[in-house]
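Chemist: Please read through the structure below; I'll follow up with questions.
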Amino acid sequence: MKKIAVFTSGGDAPGMNAAIRAIVRSGVYNGLEVFGIFRGFEGMIDGDIIQLEADSVSNIIQRGGTILKTTRSARFRTQEGMKAACEQLKTHEIDGVIALGGDGTFRAALDFKNHCDIPFIGVPCTIDNDLAGTDYTIGYDTAINTVVEAVDKIRDTADSHNRLFFIEVMGNDSGQIALLSSIGVGAEAVLVPESDNDMQHLIQVLDKGWNRTKTSCIIIVAEGDEEGGAYKVAEKVKDKFDHFDTRVTILGHIQRGGNPTCMDRVIATRLGVAALEALMNGKRDEMVGIINNQMAYTNFGSAVKSHPPIDKNMLRLTEILSA
Ligand code: F6P
């Protein structure tokens, strides 16, 4: 293996730059030539590929976003797109590729393997923390800390006005951000797609008349919850409890930006180096992850097959503590 390439794909995640840095620097350390593919699979199709040196990744470990840019590529889902991408990799004499992304990226890589014989290794990067085969994905820790910081501020104003707030956090089919952030902010209830009786708990909290004992009420709603987003949940509740002064906040894309936390930088560095070494050791079509603080390798198919289950014991914490 002489030349390898790295690219970022799908939704960006804080810590992607730290992972790019780790891959480039460890590649150079091992005597490899490392190339960056810009704009994900789109750039692969277009041949938007340049060589990166150790100093190309100076001063990026602390930056959110991705210096390589990212896309969700529709063209790559076509036979022609994949054929063109493979030809570009061959033209650049790339011997192995490291893909930084989430389940969409690894699904695409899985498909690509039937059209191109170049080995791929994946590094889990998504704020959603919804991949099997790793306890943490890069970006999750930063995202939950961003949520906690924002909700702490909302709590101040909610408290001053005795208000009920519904706060929507990201996670189109995963409640991992909602779960941990709800514990971190001391939310009165949390609604996640993985549980279908959380609306009952919410009604109980409101039935008890929270404002007789507390001065504010924070409900965290995962965007993918089956009841609908925060606005829909607030509407449903309003019919029954029209005496509450209710507000809704959608935190949105602030959750995807910002400087990565130390935890995300360290995880990204460990996973980046492990991905490079996995390619050099002949592994292919696998995602590197961290399970119980040890490096783990999961084939792309298993990594995207199903979301890791929500921890029911963690979910109970909000119920127990919301009294
Ligand atoms: O997958 C990460 C994620 O941030 C989800 O939580 C969210 O639903 C989605 O991406 C939003 O994607 P986009 O930025 O393309 O609207």
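Chemist: Determine, yes or no, whether residue 211 is in contact with a strand residue (DSSP E or B) (Cβ under 9 Å, 6 or more places away or on another chain) and at pLDDT below 95.
Modeler: yes
Chemist: Identify the residue in segment 129-172 that is among the charged types (D, E, K, R) and touching a residue at least 12 places away in the same chain (Cβ under 8 Å) and, among all such residues, is nearest to residue 101 (Cα to Cα).
Modeler: Step by step, filter segment 129-172, then rank; the result is 130.
Chemist: All but one of (1) in a helix (DSSP H, G or I); (2) polar (S, T, N, Q); (3) at pLDDT below 95 hold for residue 195; which doesn't?
Modeler: Result: residue 195 fails condition (1) only.
Chemist: Would you mind finding the one in 46, 12 that is modelled with pLDDT of 95 or more and under 27 Å from residue 146 (Cβ atoms)? Show your work before the answer.
Modeler: On the way: 46 fails: under 27 Å from residue 146 (Cβ atoms).
After ruling out the rest, the residue left standing is 12.
Chemist: State which residue is surrounded by the most Cβ atoms within 10 Å (Cβ to Cβ) when the search covers only segment 201-225 and only residues that are of a type in the set (Gly, Ala, Ser) and within 16 Å of the ligand (Cβ to nearest atom). Step through it out loud before you land on a result.
Modeler: Start the filter on segment 201-225 by keeping residues that are of a type in the set (Gly, Ala, Ser), which leaves 209, 216, 222, 224.
From what is left, the residues that are within 16 Å of the ligand (Cβ to nearest atom) are 222, 224.
On the way: 222: 32, 224: 20.
Ranking the candidates gives 222 first.
Chemist: If the requirement is being within 9 Å of the chain's Cα centre (by Cα) and on the phi < 0 side of the Ramachandran plot, which of these qualifies: 137, 142, 146?
Modeler: Every option except 137 fails the conditions.
Chemist: Here's another thing I want to ask about it. Quick one: residue 40 ticks every box in (1) within 15 Å of the ligand (Cβ to nearest atom); (2) in contact with a helix residue (DSSP H, G or I) (Cβ under 7 Å, 6 or more places away or on another chain) bar one, so which box is it?
Modeler: It is condition (2) that residue 40 fails.
Chemist: May I ask you to verify whether residue 53 is of a type in the set (D, E, K, R) and within 18 Å of residue 276 (Cα to Cα)?
Modeler: Yes.
Chemist: Hey, could you check segment 287-323 for residues that are small (Gly, Ala, Ser) and in a helix (DSSP H, G or I) and say which is surrounded by the most Cβ atoms within 10 Å (Cβ to Cβ)?
Modeler: Here the residue is 303.
Chemist: Please state which of the following conditions residue 33 fails to meet, knowing it meets all the rest: (1) among the acidic types (Asp, Glu); (2) over 19 Å from the mean Cα position of the chain (by Cα); (3) within 16 Å of the ligand (Cβ to nearest atom).
Modeler: Failed condition: (3).
Chemist: Determine, yes or no, whether residue 122 is out of contact with any Phe, Trp or Tyr (no Cβ under 8 Å at 6 or more places or on another chain) and assigned by TED's automatic domain parsing to the domain that holds residue 41. Even if it seems obvious, please write down each step before you answer.
Modeler: Working: out of contact with any Phe, Trp or Tyr (no Cβ under 8 Å at 6 or more places or on another chain): no; assigned by TED's automatic domain parsing to the domain that holds residue 41: yes.
Here the answer is no, as residue 122 does not meet what is asked.
Chemist: Could I ask something else about it? Quick one: is residue 238 surrounded by fewer than 20 Cβ atoms within 10 Å (Cβ to Cβ), of a type outside the set (Asp, Glu) and within 27 Å of residue 312 (Cβ to Cβ)?
Modeler: Spelling it out, it is not the case that residue 238 is surrounded by fewer than 20 Cβ atoms within 10 Å (Cβ to Cβ), of a type outside the set (Asp, Glu) and within 27 Å of residue 312 (Cβ to Cβ).
Chemist: Let me confirm something: among 71, 134, which residue is within 23 Å of residue 298 (Cα to Cα), touching a Gly at 6+ places or on another chain (Cβ under 7 Å) and assigned by TED's automatic domain parsing to the domain that holds residue 9?
Modeler: After ruling out the rest, the residue left standing is 134.
The values are calculated or read from the model by the stated rules, or taken from the named source; none is laboratory data. Being a predicted model, the structure only gives us computed values, none of them experimental. Here Cβ is always computed from backbone atoms with ideal geometry, including for glycine, and neighbour counts include all displayed protein chains.
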